[in-house]
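> Structure provided below as C-alpha cells; questions to follow.
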Amino acid sequence: MAVRILVVDDEPAQRELMKYNITKAGFEVWIAEDGAQAIELVEDNPPDLVVLDWMMPEASGIDVCRVLRSRPETRRIPIIMLSARGEEGDRALGLDSGADDYVTKPFSPRELVARINALLRRAHPALVNQEMSFNGLVLNPETMRVTRDDEVIHLGSKEFQLLSLLMERPGRVLTRQQLLDMVWGHGVYVEERTVDVHMSRLRRALNGGENGKKADIIRTVRGAGYALSMKTRDGA
C-alpha cells in the first residue's frame with residue numbers, strides 16, 4: 001500500500017510542484033486547496049502525513065494543525081508546516097501548534113521529500129521498510145519476516161499488520177476501532193470481534209503456541225484495546 005501524503009496549499013502552482021515531486025518520490029498524493037477541505041479529507045480517510053501551508057485564507061495552517069491535534073483520531077498524524085515566515089518566534093508558534101517539522105519557504109523539493117522521509121521514519125517506520133525491534137521481537141516490513149529471540153514466527157497478513165501497528169507504538173493502547181480502520185480500512189463493515197480473533201492468533205504465534213512459555217508481550221485493556229507491553233496482560 002502506497003504511503004498517502006496530503007498536501008494543503010491555496011496556491012495552485014505550489015500545490016502542483018509539491019504533488020509532482022512527492023509523487024515522483026513514490027508517494028500517493030492528495031490535494032486540499034484550503035483548511036476546511038483539508039479537515040474534511042482527513043476526517044474521511046486520514047493520510048499518513050500532512051504537508052500544511054501556514055498562510056491560507058479563512059482557516060490557516062495553524063488553525064488546521066490545532067484542530068487535528070485536538071481530535072483523538074487525528075492527533076498522531078505527522079504534520080510538516082510550510083511558511084515564508086522564518087523568524088524564530090514564528091517557527092516556535094508553528095511547532096507549538098502541533099506541527100512536527102517546520103520548513104521555511106522558499107525550499108527545494110528535494111529538501112521537502114527528505115523531511116517527509118525523515119518524519120515517516122520516526123512516526124511510521126513500517127511505512128518506509130525500516131526494521132523494528134522490541135524486547136527480542138524483530139519485524140522487517142520489507143521481507144515480512146518476524147523473529148522472537150532469533151526464532152522465526154510465521155504470521156498471516158492481518159496478524160503481521162496488527163503487529164506492525166503495535167510495534168510502531170510500543171506501550172500505547174490502540175482501540176479496536178483504530179485497528180479496524182488502519183488494517184481493514186475506513187468505511188468497511190467489520191465487527192470489532194474480528195480484531196479480537198486475529199489478536200488471539202497473533203498472541204498464540206508470539207508466545208509459541210497455545211501453551212507457549214514465552215512472556216506475553218501483548219496487553220489487553222478491558223473496554224479499550226491492545227498494546228505492546230512486557231507487563232502481564234489485563235484481563236485477556
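No lab work stands behind these numbers, since they all come straight from the coordinates. It should be emphasised that the depicted structure is a prediction, and the values quoted were computed from it without experimental measurement. Virtual Cβ from ideal backbone geometry, glycine too; neighbours counted across all protein chains shown.
> Counting only residues 5 or more places away or on other chains, whose amide H sits under 5 Å from the amide H of Met56 once H atoms are built in the peptide plane?
Gly61
> Additional query: Compute the signed sum of charges (Lys and Arg +1, Asp and Glu -1) over the other residues within less than 12 Å, Cβ to Cβ, of Glu40.
Within the 12 Å Cβ shell, the charges total -4.
> Just to check I understand the Karplus step: with θ = phi - 60° and J = 6.51 cos²θ - 1.76 cosθ + 1.60, what whole-Hz values come out for the stretch 62-75, glycine and proline as x?
For the stretch 62-75, the Karplus curve yields 4, 4, 4, 4, 5, 5, 5, 6, 7, 10, x, 6, 10, 5 Hz.
> Can you tell me how the chain classifies by the Cα gyration tensor, rounded, prolate or oblate, using a/c under 1.5 as the rounded cut?
Prolate, since a/c reaches 1.5 and a/b exceeds b/c.
> Please list, in order along the stretch 96-105, the HN-Hα scalar couplings obtained from phi with the Karplus expression 6.51 cos²θ - 1.76 cosθ + 1.60 (θ = phi - 60°), rounded to whole Hz, x for Gly and Pro.
Listing the rounded values in order: 5, 6, x, 5, 8, 8, 9, 10, 8, 7 Hz.
> Taking DSSP loops as anything outside H, G, I, E and B, show the longest stretch in the chain free of GluC sites (Glu not before Pro) there with at most 15 other beta carbons within 10 Å.
Working: sites that count: Glu33, Glu58, Glu73, Glu87, Glu131, Glu142, Glu191, Glu192, Glu210.
In the chain, the maximal stretch lacking such sites is 143-190.
> Name the residues whose placed amide hydrogens come within less than 5 Å of the amide hydrogen of Ile153, ignoring near sequence neighbours (fewer than 5 apart) on the same chain.
Val146, Thr147, Arg148
> Calculate one ³J(HN,Hα) per residue across the stretch 219-229 by plugging θ = phi - 60° into the Karplus curve 6.51 cos²θ - 1.76 cosθ + 1.60, and present them in order as whole Hz with x for glycine and proline.
These are the phi-based 3J(HN,Hα) values: 9, 9, 10, 4, x, 10, x, 9, 8, 8, 7 Hz.
> Where the centre of each part is set by its Cα atoms, how far does the stretch 36-55 sit from the stretch 3-26, in angstrom?
12
> Moving on to the next point. For the stretch 4-123, what relative contact order do you get, as a whole percent, if you take Cα pairs closer than 8 Å and at least 6 residues apart?
Once normalised by length, the contact order is 23 percent.
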